[in-house]
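The values are calculated or read from the model by the stated rules, or taken from the named source; none is laboratory data. Just so you know, these numbers come straight off a predicted model, no measurement behind them. FYI the Cβ positions are ideal-geometry reconstructions off the backbone, even for glycines, and counts take in every protein chain you see.
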């Protein structure tokens, strides 16, 4: 790893967080942040906005202190040493709990590691619903935030980056990097990159924070390492779902890091893939996202993850043929990935293609993979749409028992009690009450509540709820017009205006008319 020499000629690793920098200087984090703002303390940032990850070189800090010795309270510049307990950063990422947003990447590591769906940003929040919705699986694990992939490392068990190196040659979606990279990284930088890739594939708040640290170390070691910037972009792509970061904050960071990767290596498929994801889910820029995905596929047609991610956006737009073609290609390239298998089965089932076989595949995954929550969630979603409420309750209960998510557990308990005591009518009433309460608390955008109102025969109140969901950038709104629940409403002026505004948000030209399909195509949510 690139580093600056110390007095005794031994290499000193870069400091990669405010906590590391403060410890080295022997001052509080608040103090060193003020020095950086007001006195030019030499602190560097990786792409992703001014509040992104930071790093600094010990020699630069020491030289700066010597030059500021007259200004800074009784510092002896001849005795600048790391604070007690500082030992540099090895492959273990350090986390901190500073209240400053500069330290966000480390602070999220202290949050519970529950799997969460996308938190929606809200340009003009309704005071009654001011809380940004937390993530939770419901019967509708949406395909807009979709699938992205817990993919990648399904058959790979690693404990450190060296193991990741051994696995990378046989898992193209793990490396996520094309072989034509313009930069040949140092061994140390590549070790950090592979560690970051492993942590990224774990899909928890803690692991994503560690991935940011590892990618940052890789960038510090080699500032021209395009793959590390692409990896950083993909972390920000996932943070809204698994780390609770607001997408309006995460997407600009993802695009900034992806743009840097593309600048360093225009032929790196992972950079284009990461940017395509951010453009779609962050900006609803369908043409721009398509162009980046096509570029990534042209550069590296055998990277399973690109086909997988592209399939999720196509599914979100209900483009059946191309979505199935892309997910099938991802499955061909990554046939041992449980996530790819599950996502492919769900897409086929939701498009009523090989539905029976796809449901059987999901049930086999749920049976054999005790900790693989997504299979149970997908089954619960399909069960509810099909009216198989007994199976819905059972699958939802199994998913909740794995995830331990409080919202999921609460819904499972309510649904089970209602079904046991009152059958389908009581179950549907319980779901409606749950959605209504979640909307009042700001943990539901209005999309699910709108569907509940349609089920109750109240399209007027449903329209109000759907308008709220659009204001709050719920991506499920992209394909509402394809849902059976709005059949016959496309001629209603309010719904026609709603569908047109959705197309405008997606940067698509107005359609002459929007008709729901003849088949039952659900709008569902899938986990990445």
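Please pick out the residue among 364, 374, 385 that is in contact with a helix residue (DSSP H, G or I) (Cβ under 9 Å, 6 or more places away or on another chain) and either free of Cβ contacts under 8 Å to residues at least 40 places away in the same chain or over 29 Å from residue 423 (Cβ atoms) (or both). Spell out the reasoning first.
Values: 374 fails: either free of Cβ contacts under 8 Å to residues at least 40 places away in the same chain or over 29 Å from residue 423 (Cβ atoms) (or both); 385 fails: either free of Cβ contacts under 8 Å to residues at least 40 places away in the same chain or over 29 Å from residue 423 (Cβ atoms) (or both).
Residue meeting the stated conditions: 364.
Condition check: in contact (Cβ under 8 Å) with a residue 12 or more places away in the chain and more than 18 Å from residue 311 (Cβ to Cβ). Does residue 346 satisfy that?
Values: in contact (Cβ under 8 Å) with a residue 12 or more places away in the chain: yes; more than 18 Å from residue 311 (Cβ to Cβ): no.
So residue 346 does not fit the description; no.
Those residues that are within 19 Å of the chain's Cα centre (by Cα) and in contact (Cβ under 8 Å) with a residue 40 or more places away in the chain, I need them from the stretch 309-326; list them, please.
Within the stretch 309-326, 309, 311, 312, 313, 315, 316, 317 qualify.
Under the condition of being more than 23 Å from the chain's Cα centre (by Cα) and surrounded by fewer than 20 Cβ atoms within 10 Å (Cβ to Cβ), which residue from the stretch 399-413 is modelled with the highest pLDDT? Break it down into steps so the answer makes sense when it comes.
Initial filter on the stretch 399-413 (more than 23 Å from the chain's Cα centre (by Cα)): 410-413.
Remaining after also requiring surrounded by fewer than 20 Cβ atoms within 10 Å (Cβ to Cβ): 410, 413.
Details: 410: 92, 413: 95.
Selected residue: 413.
Just the residues that are surrounded by fewer than 17 Cβ atoms within 10 Å (Cβ to Cβ) and in a helix (DSSP H, G or I), please, taken from the stretch 469-499. Walk me through it before giving the result.
Filtering the stretch 469-499 for residues surrounded by fewer than 17 Cβ atoms within 10 Å (Cβ to Cβ) gives 484, 487-488, 490-494, 496-497.
Those that are surrounded by fewer than 17 Cβ atoms within 10 Å (Cβ to Cβ) and in a helix (DSSP H, G or I): 484, 493, 494, 496, 497.
Among the candidates 236, 225, which residue alone is outside the structural domain of residue 371 (by TED's automatic domain parsing), surrounded by 24 or more Cβ atoms within 10 Å (Cβ to Cβ), out of contact with any strand residue (DSSP E or B) (no Cβ under 9 Å at 6 or more places or on another chain) and closer than 21 Å to residue 18 by Cβ? Spell out the reasoning first.
Numbers: 225 fails: closer than 21 Å to residue 18 by Cβ.
Within the list 236, 225, the selection yields 236.
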